[in-house]
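Undergrad: Just passing along the structure, written as structure tokens.
Values quoted throughout were computed directly from the atomic coordinates according to the rules given, and no laboratory measurement underlies them. Fair warning: this is a prediction, and the values are worked out from it, not measured in the lab. A quick note on method: Cβ atoms are made from the backbone with ideal geometry, for glycine too, and the neighbour counts reach across all protein chains shown.
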Amino acid sequence: MISGWILSLLLLTGQVQQPASDIARLRELLADKKQPQLQAQAAYLILNQQTPLATETVKQYLRDPRNVEVFTAFAGAIKLRRDGRFSEELIEALSIELPAVRQAAVEALGASVDGKATFKLKQIAENNRSEDNIRQQAIIALGKTGKKNAAETLLKLFIDPKESIRQTSRQALAELIGEDLGRDSVTWQLWFDERKNLSVEVWLEERLAQRNAKLTRLEGELDSSRNRNRTLYQQLYSRLGPTEKIPFFQGLLDHEDPAVRLLLTGWLAEALGEESYRKPAGEMLLSFSRDPIEEVRRQAVLGLGRWNDKACLNRLLLIIQSDQTAVRAAAARSLAMQAKGNDGAARMVLVLPALQNALSDPALEVVVEAAEDLGSLGVPAAVPLLAGLLKHKEVAVRKTAAQALERIADIAVLEELLAGLEDLDVGVRLGILGAVSRAVNQAKAIKEDDKLRLQSRMEIILLKDPDAGVRARSATLLGEFGTVSHLATLWKAAVAEGDPRIQEKSWQAFLEILSKSKNLKLINEWNVIIRKDAPLRRVNFLVELLGKMQPATMNPKIELAPVRELLVQCGIENQKWLPAWSALRELPQALEPEEIEKRLSLLFQIAEIALKEQAAPDVLQMVDFARPLFVGRKKLQADFEELYRKANALINSKS
């Protein structure tokens, strides 16, 4: 047999049909005064049957109002369903001396009366021989009906000889129309005369519009009041001492305003950072993980990620299987945080399967969060799972998986990465290119066939991908693992008209490959090509090439001397004295007379260019640099001294 309360819940949700024989069981529930919620459910279920037996059962209870709890349960159900079958019993209850019964009857009548019952209430209200208390209850019920004929009756009672009746009528009419027009009956009559010819439908539409306006106003006032309360709580929190915080938190645990509870979850999450607060704050967050408001639960679950406690971990493992999408996503993130904390390796045994299962969640938000978390954990076991998500039907999932793989991809999923480069989404392709870079750079060894396939694919993407950002990223990857055979392709992409990102990344990749080759013959060949095809880029070419080659060179002065000599000559040809001067100073010391003569001649040309550009202090430095080499070279010495004199004169003229 199903227990009574389980049966009532199943009936209420429509999961089972209610046979007539279950009326007796529901009556047992009605008798349980300790559980008013179950009494209300049982009353509703009996009323919902609408069978002769159920109807008679309801009437029996309404005729015997001594059991106040049961009467109010049925009255509430009648009000909820607006069921007009029991008006006679409810009207009779207006004479009962029990305030709770009268109030429940009035509320039910106001929501459920039909024309016949309204007429009966009108008779009671207008009957001077009836007790004032009964007349007042009937008047209040009429005010709750919202009907036009009820308003007409209430207006007539404004001239009743009894003050209590006149006052109750005015209050009831004010509730019916939604505003109080004061004590002057003429004002009320004028108001009604303007509307007495309205149809029932138009009358009700006007009443509904007025009530909606009032509801909007009240909701605004309530929101303002709640905002003031939250501000006061925040100010109070900022003034609390260390020993006052936990009692303050405990006092807000059951606050009726969800926004205050949401505020509290944030404070509790912060408190987890303090050792003395950690346990009580964590336990309060655990209680909030069961809050009826989803956003409060979500924030509490996010906060639990900071508490490395066994009970917390178990709760998160349970929550990640709950019904609410946002809460499951929050649980996934908190589980990942748990795996990163103390004893993370031990917790990973439980966390990893939970996140793996979340990848199959029907909600997109949860799958995306789980994929991102697996990437942040850096777990190698997650790589094939994330690679499999590159085929997911949702772009957001594929994009997140690609971004996660940028952190943990390895060469074992190269096939999936290459296949994913066909994705139509730009973000996915960019992420996969990052994952390819990571996989290649982390691999201890790559098969030659795989390397050739990668190089070929990057070259195709550079030339043909519709997105400039993807093409630029592929150029960078060619710079990482391309060979000198790709120099021509990169050079063409660098000088071709188009997106500056493609030009810059191709140029940098071109320099990267050429610098790593350390092939002086190849450098000379490209120097000739650039001199012919893009002479204005030649100086920058040599300067940047030197910058990339120097860190990887054992003896820069000797090994890079040929490239620096090219830069000196190029700087002179292009009237760029500064890079030429910088390169000349870094050349190895000249020992042979012919080499010294050549070096001084080049320096003199550089100094002349610098003087033309009025760089007098640098000219002085160049002459001082040359002086130790003047021995036996009077002609060159005189020429340099003349430059020195001109540079000094230029400096003096400016001072």
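Undergrad: Rounded to the nearest 500, what is the 222 nm mean residue ellipticity of the chain from helices alone, with -39500 (n - 2.57) per DSSP H run of 4+ residues and division by all residues?
TA: That calculation yields -23500 deg cm²/dmol at 222 nm.
Undergrad: I've got another one for you. Considering only Pro353, Ser456, Ser287, whose Cα is most displaced toward the positive end of the charge dipole of the chain, charges sitting on Cβ of Lys, Arg (+1) and Asp, Glu (-1)?
TA: Result: Ser456.
Undergrad: Okay, moving on. Between Ala590 and Glu283, what length comes free when the chain is fully extended (0.36 nm per residue of separation minus the Cα-Cα distance, one decimal in nm)?
TA: 102.7 nm
Undergrad: Moving on to the next point. How far, in degrees from 0 to 90, does helix 538-549 lean away from the longest principal axis of the Cα atoms of the chain, to the nearest 10?
TA: So the helix axis and the longest Cα principal axis differ by about 80 degrees.
Undergrad: Give a residue-ordered list of calculated ³J(HN,Hα) values for region 96-108 (Karplus: 6.51 cos²θ - 1.76 cosθ + 1.60, θ = phi - 60°; whole Hz; x for Gly, Pro).
TA: 6, 7, 8, x, 5, 5, 4, 5, 5, 5, 4, 4, 5
Undergrad: How much length is gained on full extension from Ala174 to Lys532, taking 0.36 nm per residue of separation minus their Cα-Cα distance?
TA: This chain segment gains 119.4 nm when fully extended.
Undergrad: Dipole size in debye (nearest 20) for region 538-655 around its Cα centre, Lys and Arg Cβ +1, Asp and Glu Cβ -1?
TA: It works out to roughly 240 debye.
Undergrad: Right, here's the next one. Of Val397, Leu385, Gly431, which is farthest on the positive side of the dipole of region 376-436, counting Cα position, with +1 on Lys and Arg Cβ, -1 on Asp and Glu Cβ, and the Cα centre as origin?
TA: Val397
Undergrad: By how many nm would the segment from Asp323 to Gln550 lengthen if fully extended, with 0.36 nm per residue of separation less the alpha-carbon distance?
TA: 75.7 nm
Undergrad: Give the relative contact order (percent, whole number) for region 240-384; include only Cα pairs under 8 Å separated by 6+ residues.
TA: After rounding, I find 16 percent.
Undergrad: Would you mind checking the tilt of helix 275-288 against the longest principal axis of the Cα atoms of the chain, expressed as 0 to 90 degrees and rounded to 10?
TA: Computed tilt is about 50 degrees.
Undergrad: Can you give the local net charge around Arg183? Use residues other than it whose beta-carbon is closer than 12 angstrom to its beta-carbon, Lys and Arg +1, Asp and Glu -1.
TA: Neighbour charge sum, excluding Arg183 itself: -1.
Undergrad: So what's the angle, to the nearest 10 degrees on a 0 to 90 scale, between helix 52-63 and the longest Cα principal axis of the chain?
TA: 80 degrees
Undergrad: List the relative contact order of the chain as a percent without decimals, with contacts defined as Cα pairs under 8 Å and 6+ residues apart.
TA: 4 percent
Undergrad: Sticking with this structure for a sec: Calculated from the structure, percent of Cα pairs over 31 Å apart equals which of (1) 74; (2) 69; (3) 59?
TA: (1)
Undergrad: Which residue, chosen from Leu629, Leu650, Ser582, occupies the Cα position most advanced towards the positive end of the dipole of region 536-653, where the dipole is computed from +1 (Lys, Arg) and -1 (Asp, Glu) charges on Cβ about the Cα centre?
TA: Selected residue: Leu650.
Undergrad: If you don't mind, another one. Counting Lys and Arg as +1 and Asp and Glu as -1, each charge on the Cβ, what is the dipole of region 4-213 about the Cα centre in debye, to the nearest 20?
TA: 180 debye
Undergrad: Can you put Phe192, Phe249 in order of Cβ neighbours within 10 angstrom, beginning with the fewest?
TA: Ordered by Cβ neighbours within 10 Å, fewest first: Phe192, Phe249.
Undergrad: Follow-up question, since we're still on this one. Need one word for region 240-377: rounded, prolate or oblate. Basis is the Cα gyration tensor (sqrt eigenvalues a ≥ b ≥ c); a/c below 1.5 gives rounded, then a/b vs b/c decides.
TA: Taking the square roots of the gyration eigenvalues as a ≥ b ≥ c, region 240-377 is oblate.
Undergrad: For the chain, which longest stretch is free of loop sites, where a loop site is one of the GluC sites (Glu not before Pro) that DSSP puts outside H, G, I, E and B and that has at most 16 other Cβ atoms within 10 Å?
TA: The answer is 275-393.
Undergrad: Mind checking region 493-539 for chymotrypsin sites (Phe, Trp or Tyr not before Pro) that DSSP puts in a loop (not H, G, I, E or B) and that have at most 10 other Cβ atoms within 10 Å?
TA: Passing both the DSSP loop test and the Cβ count: no residue.
Undergrad: Could you check the simple spin-label distance between Gln189 and Asn229, using points 7 Å along Cα→Cβ, in nm with one decimal?
TA: 4.5 nm
Undergrad: Counting alpha carbon pairs within less than 8 Å and at least 6 residues apart, what relative contact order, in whole percent, applies to region 4-213?
TA: 12 percent
Undergrad: Right, next: With +1 on each Lys and Arg Cβ and -1 on each Asp and Glu Cβ, how big is the dipole of the chain about its Cα centre, in debye rounded to the nearest 20?
TA: 480 debye
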